[in-house]
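Before any comments, here is the structure.
The values are calculated or read from the model by the stated rules, or taken from the named source; none is laboratory data. On a predicted model such as this, the values are computed, not experimentally measured, just so you know. In this analysis, Cβ positions are derived from the backbone assuming ideal geometry, glycine residues included, and neighbour counts consider all displayed protein chains. Heads up: the accessible areas ignore ligands, DNA and RNA and are worked out on the full protein's heavy atoms, side chains in. Shrake-Rupley method; radii C 1.70, N 1.55, O 1.52, S 1.80 Å.
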Amino acid sequence: MADVNHTAFRPGTFLLVGIPGLEKFHLWISLPFFSMYIFALLGNLVLLFTIVREQSLHKPMYLFLSALTVADLLLSTTTVPRMLAIFWFRVGDISFGACLAQVFLVHFIFAAESGILVAMAFDRYVAICNPLRYVTLLTHSVIWRIELAAVVRSFCIVLPFVFLLLRLSYCTNRVIPHSYCEHMGVARLACTSIKVNVVYGLTAALLLLGGDVVLIAVSYGLILRAVFQLPSAGARRKAMSTCGSHLCIILLFYTPAFFSFFTHRFGGHSIPRHVHILLACLYVVVPPMLNPVIYGVNNKQIRETVMSMFAHLQSTLSPTAGKAS
């Protein structure tokens with residue numbers, strides 16, 4: 001029987017179980033996830049529409065923000081509908097090809113978001129430390145090149161994950177104890193050695209996250225040095241207020257990522273599996289939900305633009321409503 005269970009093959013489908021250990025609570029868990037997903041969709045679509053429509057927002061900071069918004073929309077849409085299908089209908093079957101596609105998309109979007117956050121830190125550095133050259137340095141063509149570089153870098157780093165999974169032979173066990181497919185979750189179902197997967201995954205994560213965090217830290221170190229050299233307290237407050245939203249998003253993005261990364265590798269036996277999976281599920285929906293809120297609340301220009309858009313929409317619909325009545 002043991003020989004049968006370890007027969008190597010490439011499965012036609014995998015089975016995602018949702019959040020292992022909390023199956024009886026899936027319906028209740030789905031309610032906040034559905035609400036957060038809808039809120040993330042609406043918030044990011046409104047933010048993206050506002051930036052695209054309003055000519056005054058076609059500035060480097062907002063163009064980078066629009067790229068972050070697109071990444072948030074893709075990340076949540078790549079994962080949350082599949083989760084809800086598991087939670088509501090217990091539809092956990094996913095084809096081998098679709099699972100690999102989800103692995104690629106999840107890690108690719110995550111890496112791209114990290115690159116965008118680095119670009120946003122660089123944008124704040126130029127705006128505060130070299131404001132006279134801000135417009136000439138960050139032209140639209142430069143911004144597109146930076147965003148393209150973030151995409152190409154993510155593609156080159158993440159694509160090997162797919163080939164590393166394709167080279168493995170899998171056992172008859174096709175159950176993935178997760179709500180979506182991710183690299184190591186799929187690799188652990190293999191009968192053959194996954195040492196290369198582990199080493200590459202660890203190296204890529206440390207170089208990507210570690211390198212990006214160092215670049216962001218250097219940028220904000222230079223920003224703080226420049227801010228403290230400003231003559232008045234009011235000027236210092238104004239300079240730092242332009243960085244507040246970005247700093248909140250950085251903490252929201254990297255804190256759970258590093259927590260999950262280190263506890264998964266060094267504290268996996270002390271923290272239950274369902275806690276890891278629940279955190280991973282929250283990670284793909286909470287930042288996309290909060291990012292437009294953070295920028296909408298803290299950025300006066302976006303807030304006023306959105307309010308004027310809704311006021312214009314209300315005034316446009318009011319006469320129609322009055323005639324109908």
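For the subset of the stretch 136-172 comprising residues that are more than 22 Å from the chain's Cα centre (by Cα), assigned to a helix (DSSP H, G or I) and of a type in the set (S, T, N, Q), which member is modelled with the lowest pLDDT?
Selected residue: 136.
Cβ-Cβ under 6 Å, sequence separation 6+ or interchain: first residue in the stretch 24-43 and farther than 19 Å from residue 73 by Cα and touching a residue at least 40 places away in the same chain (Cβ under 8 Å), partner open to solvent by less than 40 Å² (accessible area, probe 1.4 Å) and assigned to a helix (DSSP H, G or I). Which pairs?
26/87
Whether any residue in the stretch 191-198 is over 25 Å from residue 109 (Cβ atoms) and in a helix (DSSP H, G or I) is what I want to check.
Yes: the stretch 191-198 contains one or more residues that are over 25 Å from residue 109 (Cβ atoms) and in a helix (DSSP H, G or I).
Which is within 14 Å of residue 103 (Cβ to Cβ), open to solvent by less than 40 Å² (accessible area, probe 1.4 Å) and touching a residue at least 24 places away in the same chain (Cβ under 8 Å), of 161, 155?
161
For the stretch 291-320, name all the residues that are open to solvent by 60 Å² or more (accessible area, probe 1.4 Å), closer than 14 Å to residue 43 by Cβ and modelled with pLDDT of 80 or more.
Correct list: 303, 310.
In the set 193, 241, which member is more than 26 Å from the chain's Cα centre (by Cα) and open to solvent by 20 Å² or more (accessible area, probe 1.4 Å)?
Only one candidate qualifies: 193.
Between a residue in the stretch 294-308 that is in a loop (DSSP other than H, G, I, E, B) and any residue that is open to solvent by less than 20 Å² (accessible area, probe 1.4 Å), which pairs come within a Cβ distance under 8 Å, given they are 6 or more apart or on different chains?
Listed pairs, sorted by first residue: 299/245.
Could you tell me which residue of the stretch 9-28 is modelled with the lowest pLDDT, considering only residues that are touching a strand residue (DSSP E or B) at 6+ places or on another chain (Cβ under 7 Å) and not aromatic (Phe, Trp, Tyr)?
Checked the stretch 9-28; the qualifying residue modelled with the lowest pLDDT is 10.
For residue 175, are the conditions met, namely being open to solvent by 40 Å² or more (accessible area, probe 1.4 Å), closer than 20 Å to residue 79 by Cα and over 15 Å from the mean Cα position of the chain (by Cα)?
Taking the combined requirement at face value, the residue satisfies it.
Does residue 70 meet the test of being part of a helix (DSSP H, G or I), aliphatic (A, V, I, L, M) and modelled with pLDDT under 95?
No, not satisfied.
Return the residue satisfying two criteria in turn: it lies in the stretch 251-271 and is at pLDDT 85 or above and open to solvent by 30 Å² or more (accessible area, probe 1.4 Å), and of such residues it is nearest to residue 207 (Cα to Cα).
255
Of everything in the stretch 219-232, what is in a helix (DSSP H, G or I) and open to solvent by 50 Å² or more (accessible area, probe 1.4 Å)? Give them in sequence order.
If the condition is that a residue be in a helix (DSSP H, G or I) and open to solvent by 50 Å² or more (accessible area, probe 1.4 Å), then 222, 224, 225, 228 are the ones that fit.
Given the criterion assigned to a helix (DSSP H, G or I) and open to solvent by less than 50 Å² (accessible area, probe 1.4 Å), identify the matching residue among 133, 124.
None of the others qualify; the one that does is 124.
Evaluate the stretch 73-85: report whether one residue or more is closer than 16 Å to residue 295 by Cβ and open to solvent by 10 Å² or more (accessible area, probe 1.4 Å).
For the stretch 73-85, residues closer than 16 Å to residue 295 by Cβ and open to solvent by 10 Å² or more (accessible area, probe 1.4 Å): present.
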